[in-house]
Amino acid sequence: MFDLEFLIAHLPVLLSATGVTILITVLGMALSLCLGLVLAVVQLYAAWPIARLAYVLAQCVRVSPLLIQIYFVFYVLPFYGLTLPPFLTAVLIIGTHYGTYASEIYKAGIRSIPRSQHDAVVALNIPRWRAWWRILLPQAVIPMIPAFGNCAIAMLKESPLLSVITIPELVGVGRQLAFETFKYTEVFTALGLIFLVLSSLYSVLTRWIERVTRVPA
Amino acid sequence: MNQTMSVLDIVVFVLPGLAATFSILGSAVIVGLALAILAGLGSLSSQRLVRVLCLTYIEVFRGTSFLVQLFYFYYVLPLLGVSLAPFWVGTLALGLNAGSYGAELTRGALLAVASNQRDAIIALNIPRVRAFYRIILPQAAARMILPMGNLLLEMMKSTPLLALVSIADLLYRGQMLIALNGQAPIVYGVLMVIYIAFGWPLARGVALLDACVTRRWGGAHV
Amino acid sequence: MTPIATMRDISKTYTDVPVLDRFNLDIAPAEKVVLIGPSGSGKTTVLRTLMTVEMPDWGDLAVDGVTLHFGDRLGKAPKTSNAVLRAYRSKLGMVFQQFNLFPHMTIEQNLVEAPIHVAGMRRGEAVDLAHRLLAQVGLSDKVKAFPNQLSGGQQQRVAIARALAMNPKVLLFDEVTSALDPERVGEVLEVIRDLSAERSVAMLIVTHEMGFARQIADRTIFMEAGRIVEEGPPEQIFGEAQNPRTRAFLGKMLHP
Ligand SMILES: Nc1ncnc2c1ncn2[C@@H]1O[C@H](COP(=O)(O)OP(=O)(O)O)[C@@H](O)[C@H]1O
Ligand SMILES: [Mg+2]
């Protein structure tokens with residue numbers, strides 16, 4: 001009934017597609033961490049109209065579905081004569097979508113820095129940039145790590161949507177394989193297991209990062 | 001249909017999809033909420049079997065991609081002899097997925113409140129059952145407003161995936177229209193606006209409700 | 001006189017660190033015992049094991065004729081039944097450093113919860129009792145407020161009233177003023193002082209307020225590293241302590 005030999009024979013195909021999924025997640029996460037910081041700083045510290053505009057744009061991206069955004073960007077850009085390679089488009093879209101999540105995390109973290117710490121850097125006359133870089137941001141960032149971890153794992157699990165714009169990631173490749181061979185049960189079970197393994201690996205990794213970065217009590 | 005369909009025409013055309021989207025979302029919310037409460041409580045049960053079953057459900061559905069789950073319901077279940085109507089494919093896939101996230105939230109909130117209030121409950125000698133529904137449950141519910149609201153938003157944002165398994169939701173109707181008139185940018189733009197029109201007030205409403213409870217109870221979130 | 005509360009050979013270990021090793025304490029009816037000692041010496045653990053918020057590893061506890069056995073190193077006692085545990089706990093009340101009020105209930109609901117659902121009092125009666133106790137701690141106007149609308153000192157006074165509502169034989173206070181702003185400390189100490197004057201309840205009080213300790217105590221105990229170093233009437237401990245460690249501790253507390 002369950003054709004294990006088939007699966008073993010096609011495992012390399014699935015694993016290389018897994019590589020694409022991971023690559024997209026890593027690049028997307030890198031983009032969203034940078035974009036999120038910019039968005040957060042603009043929303044918190046820019047002049048009112050600019051901060052407000054950034055907020056409204058970020059909210060629009062955050063509350064609407066990634067799949068619609070993928071289609072929108074993929075079909076709208078060429079309409080105005082702008083064609084980017086699909087892979088780049090994919091990373092830009094998913095990175096931007098999750099960048100709006102990251103900006104919420106940064107904002108909450110920055111707001112949670114105690115007033116007393118701001119007072120302390122002023123009282124010690126530490127230059128503004130150095131204060132942010134060496135004192136304020138580090139204590140805000142460490143508590144954010146679990147939230148970014150959740151973000152990354154959510155991105156990993158949502159990256160299969162990019163298969164609709166021909167990205168050869170895990171689920172798209174798997175579905176194609178299933179179509180061609182009619183081995184639906186085997187393929188989709190394998191996809192599920194691969195995701196389970198990836199997310200457990202990920203939670204081991206984040207737990208390790210949390211332990212390493214924990215401030216001793 | 002001609003090349004110059006107005007925005008209003010587009011909205012009218014995709015409207016039946018809106019009904020499909022929201023009827024599936026509504027029934028999935030009921031399924032998901034029931035599962036969240038049952039599996040959340042079950043994961044804290046003193047019965048080993050119940051606990052293991054609930055934790056396994058939570059881990060499996062949280063650990064895999066929603067798209068894979070949806071494809072499983074759509075492609076694999078019929079091979080195993082279970083053929084579901086599209087409405088039920090959507091409802092069950094979405095409900096089971098959200099239920100696992102909701103169960104984890106329920107579990108976390110109950111554990112956190114129980115540990116915060118443990119000393120007072122023991123010192124006042126309040127019986128277990130009473131302590132659970134009068135002290136722990138209300139505070140856990142308050143804590144869950146924001147994450148559950150976010151989960152609802154995520155559920156809504158997942159509904160367009162149903163179009164990938166031929167359920168005639170908003171996105172599906174939109175793509176039918178694009179096949180007819182080729183106006184991809186404006187149709188996808190209209191869809192975006194429709195989702196924002198529902199998602200934004202939902203996000204704001206949940207935040208306001210949470211702020212309201214926090215103002216009154218304060219410590220409920222500590 | 002037979003003691004109202006007894007701790008006999010109580011031992012408690014947290015993850016390898018023995019905090020209490022065969023700790024003994026008797027409290028006479030209506031006696032006010034003040035427990036002092038450096039931070040980490042095990043004062044909180046004494047109170048928490050007596051309240052059974054934390055279960056002792058070994059030893060016996062008894063309050064007003066209800067006894068709990070935890071066995072000794074030679075063998076664990078059989079598990080205490082829930083009924084006995086509940087009977088035991090009903091003799092005690094505890095007030096915590098962090099108040100531990102129920103944040104989603106009004107002050108009145110906080111006070112009537114246990115009388116109605118633990119002691120089986122009728123609602124009308126419990127509400128009357130709550131109002132009387134709130135008047136006693138000077139908070140009659142806060143009946144319908146929620147805890148987070150009150151200052152720390154007010155919340156702590158509510159917590160004291162809440163513990164009193166169950167009419168305990170022994171009240172335990174664990175540094176109940178340590179989380180308060182300095183100007184709020186006095187109002188809470190005053191409530192405790194008034195209570196000790198007019199009620200026959202015994203008290204076991206952990207505090208760093210030495211003036212208050214000296215005033216209120218019938219007996220003062222100095223403990224260090226999980227052991228009682230010296231005990232006696234407050235005049236003796238504060239005036240002419242015998243043990244050099246007691247004197248060193250008091251020297252630091254009184255003339256920092
Ligand atoms: N829950 C716990 N887990 C581990 N160690 C604890 C715990 N509670 C207390 N301790 C340890 O027990 C010792 C006594 O603590 P405690 O009774 O709180 O002292 P005190 O109240 O006198 O400051 C301390 O060394 C403390 O670190
Ligand atoms: Mg202490």
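The values are calculated or read from the model by the stated rules, or taken from the named source; none is laboratory data. As the structure is a prediction and not an experimental result, all values here were calculated from the model. Cβ coordinates were reconstructed from backbone atoms using ideal geometry, including for glycine residues, and neighbour counts include every protein chain displayed.
Some observations on this one:
- Condition check for C:V53 on (1) closer than 30 Å to C:G211 by Cβ; (2) within 14 Å of another protein chain (Cβ to nearest Cβ); (3) of a type outside the set (S, T, N, Q); (4) out of contact with any helix residue (DSSP H, G or I) (no Cβ under 8 Å at 6 or more places or on another chain): one failure, at (4).
Per-residue answers, yes or no, for (1) under 30 Å from B:L77 (Cβ atoms); (2) buried (at least 21 other Cβ atoms within 10 Å of the Cβ); (3) within 13 Å of chain B (Cβ to nearest Cβ):
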position	(1), (2), (3)
A:E104	no, no, yes
A:H118	no, no, no
A:P127	no, no, no
A:I135	no, no, no
A:M144	no, no, no
A:F148	no, yes, no
A:M155	yes, yes, yes
A:L170	yes, yes, yes
A:R175	yes, yes, yes
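- Those residues of the stretch B:6-46 which are over 25 Å from B:I196 (Cβ atoms) and among the polar types (S, T, N, Q), in sequence order: B:S43, B:S45, B:S46
- Some residue of the stretch C:60-76 being within 16 Å of ligand 2 (Cβ to nearest atom) and within 14 Å of chain B (Cβ to nearest Cβ): no
- Residue tally, condition in a loop (DSSP other than H, G, I, E, B) and closer than 17 Å to C:M203 by Cα, over the stretch C:87-100: 4
- Qualifying residue in the stretch C:146-168 (condition: charged (D, E, K, R), more than 16 Å from ligand 2 (Cβ to nearest atom), touching a residue at least 12 places away in the same chain (Cβ under 8 Å) and crowded, with 20+ Cβ neighbours inside 10 Å): yes
For every residue, the table says whether it meets (1) within 22 Å of A:S159 (Cα to Cα); (2) in a helix (DSSP H, G or I); (3) among the polar types (S, T, N, Q).
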position	(1), (2), (3)
A:M29	yes, yes, no
A:S32	yes, yes, yes
A:Q43	no, yes, yes
A:V56	no, yes, no
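- Residue within the stretch C:101-122 that is in a loop (DSSP other than H, G, I, E, B) and within 16 Å of ligand 2 (Cβ to nearest atom) present: no
- On the stretch given as the stretch C:116-142, residues that are touching a Leu at 6+ places or on another chain (Cβ under 8 Å), at pLDDT 90 or above and either surrounded by fewer than 16 Cβ atoms within 10 Å (Cβ to Cβ) or at the interface with chain B (Cβ under 10 Å from one of its Cβ atoms) (or both) total 1.
- Restricting attention to the stretch C:146-205, the residues being closer than 25 Å to C:I116 by Cα and either within 16 Å of ligand 1 (Cβ to nearest atom) or outside any helix (DSSP H, G or I) (or both) number 16.
- Just one of the listed residues (A:E180, A:E210, A:E186) is in a helix (DSSP H, G or I) and in contact with a Pro (Cβ under 7 Å, 6 or more places away or on another chain), and it is A:E210.
- Residue pairs whose Cβ atoms lie under 9 Å apart, sitting 6 or more positions apart in sequence or on different chains, and linking a residue in the stretch C:96-114 that is in contact (Cβ under 8 Å) with a residue 12 or more places away in the chain and under 20 Å from B:A142 (Cα atoms) to a partner that is charged (D, E, K, R) and in a loop (DSSP other than H, G, I, E, B), are C:T106/C:K144; C:I107/C:K144.
- Residue check, B:I122 over 20 Å from B:G218 (Cα atoms) and at the interface with chain C (Cβ under 9 Å from one of its Cβ atoms): yes
- Residue check for C:D60: on the phi > 0 side of the Ramachandran plot, more than 16 Å from ligand 1 (Cβ to nearest atom) and either in contact (Cβ under 8 Å) with a residue 24 or more places away in the chain or under 13 Å from the mean Cα position of the chain (by Cα) (or both): no
- Given (1) away from every other protein chain (no Cβ under 14 Å); (2) more than 15 Å from B:L35 (Cβ to Cβ), number of the condition B:L92 does not satisfy: (2)
- Search result, residues across the stretch C:206-222 that are within 16 Å of ligand 1 (Cβ to nearest atom) and part of a loop (DSSP other than H, G, I, E, B): C:T207, C:H208, C:E209
- Residue tally, condition touching a strand residue (DSSP E or B) at 6+ places or on another chain (Cβ under 9 Å), within 12 Å of ligand 1 (Cβ to nearest atom) and either within 14 Å of chain B (Cβ to nearest Cβ) or in a loop (DSSP other than H, G, I, E, B) (or both), over the stretch C:20-39: 2
- The residue that is nearest to the other protein chains (Cβ to nearest Cβ), among those in the stretch C:171-228 that are within 16 Å of ligand 2 (Cβ to nearest atom), acidic (D, E) and touching a strand residue (DSSP E or B) at 6+ places or on another chain (Cβ under 9 Å), is C:D174.
- Any hit, the stretch B:96-113, residues being closer than 25 Å to C:R162 by Cα, under 21 Å from the mean Cα position of the chain (by Cα) and crowded, with 20+ Cβ neighbours inside 10 Å: yes
- Meets criteria (within 14 Å of chain A (Cβ to nearest Cβ), over 23 Å from B:G149 (Cβ atoms) and in contact with a Leu (Cβ under 9 Å, 6 or more places away or on another chain)) for B:V82: no
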